[in-house]
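Presented below is the structure to which this report refers.
No lab work stands behind these numbers, since they all come straight from the coordinates. A quick note: this is a predicted structure, and the numbers were derived from the prediction, not measured. Reconstructed Cβ throughout: ideal geometry from the backbone, glycine too, with neighbour counts over all protein chains shown.
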Amino acid sequence: MNKALSKSVNIFKSTIGKKLLVAITGLMVCLFLVFHLMNNLIIFTGPENFNQLVGALEKIKPLIRIMEILLVIIFFTHIYNSAFLTWSSKRSSSNKYMHLSKTSSTIYSRTMFFSGSVLLIFIVTHLSTIWFNFQNINDHNKYYYFVTESAYGFGNIFITILYLFSMLLLGFHLRHGFESAFKTLGIKNSKFEKIISTISVVFWLFIPLGFFSIAFWFGILDGGKW
Ligand code: HEM
């Protein structure tokens, strides 16, 4: 391996390197969430549009597959490195620096591991129910029904509760995570601080609220049927 390459591989083994990986992959997930929410909000416009949209995505399957593989790598890198950093900071929690950082922490930063763990359970459930079954649906008219009424979607109160609770914790996770990522990248304490704080509201409030509203409308209010 040439020297420059081995140097850059080594940086990702260090704490700061791992923090950088968590920050970059976290922001990539945020970007995915913007597109994912935009696609999913179409569900409010009725079955025809939603089924058509998912059908259109089917037509560009190779591209979607590449994106899904990238997402797996991004999620794995984010989760593995966050878990590693949490574990190593717990191990050194007796040092003075940790006590100092505890006094300036918020409920959002203190619950990052908990919110992240619930979100991991959410993702596994979400993919093994919705995503997995979508691969086997041949009738394009069934996507909307599957998400809004089936036992794998919001026809199941337990799934609905998991979505609602997870979206609350997604808000918690992003309340700390979004701005913290920019801090790690060294951008937070610059002239961009105000802009980042404003954009962060979109991520910790409006995006989780968007997903929450879908689960609440179809899972609790039954799509306005009662
Ligand atoms: C109300 C909430 C949500 C709904 C209704 C929803 C719906 C869907 C649907 C229909 C698919 C399958 C798309 C396809 O195969 O064409 C999907 C896939 C996926 N969802 Fe969600 N989703 C929600 C929230 C989330 C959240 C909060 C995350 C991440 C934290 C997420 C992560 C994913 C991932 C990684 C995939 C697989 C990649 C893809 O096919 O786009 N979803 N979701």
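Some notes on this structure:
- Our estimate of slack between Leu127 and Ala4, defined as 0.36 nm per intervening residue step minus the Cα-Cα distance, is 40.4 nm.
- Computed from the C-beta positions of Leu63 and Ser197 and an R0 of 35 Å, the FRET efficiency is 0.55 to the nearest 0.05.
- Over all pairs of different C-alpha atoms in the chain, the reciprocal of the mean inverse distance, the Kirkwood hydrodynamic radius, equals 19.5 Å.
- Taking Tyr80, Tyr152 and counting other C-beta atoms within 10 Å, the order from fewest to most: Tyr80, Tyr152
- In this simple spin-label approximation, Phe158 and Trp226 carry label points 7 Å from Cα along the Cα→Cβ vector, and these lie 1.9 nm apart.
- Take every pair of alpha-carbon atoms less than 8 Å apart whose residues are at least six positions apart; their mean separation over the length of region 12-224 yields a relative contact order of 28 percent.
- Ranked by how many other Cβ atoms sit within 10 Å of their own Cβ, fewest first, the residues His36, His176 fall in the order His36, His176.
- Over 27 Å (Cα to Cα) - which of Lys13/Lys183; Lys142/Lys225; Lys19/Lys61; Lys3/Lys90; Lys59/Lys142 fall in this group: Lys19/Lys61; Lys3/Lys90
- Each peptide in 48-61, 208-221 was scored by the mean count of other Cβ atoms within 10 Å over its residues; highest first, the order is 208-221, 48-61.
- On full extension, the segment bounded by Leu168 and Arg110 gains 19.3 nm, given 0.36 nm per residue less the C-alpha separation.
- Per-pair calculated FRET efficiency, R0 = 35 Å: Glu48 and Ser117 via Cβ, rounded to 0.05: 0.40
- Pair Ser89, Phe216: separation of 7 Å Cα→Cβ label points (nm): 3.0
- As a rough footprinting exposure proxy, the listed residues Met38, Met167, Met112 were ranked by other beta carbons within 10 Å of their own, and the order from fewest upward is Met38, Met112, Met167.
- Each part reduced to its alpha carbon centroid, region 1-37 and region 185-208 end up 19 Å apart.
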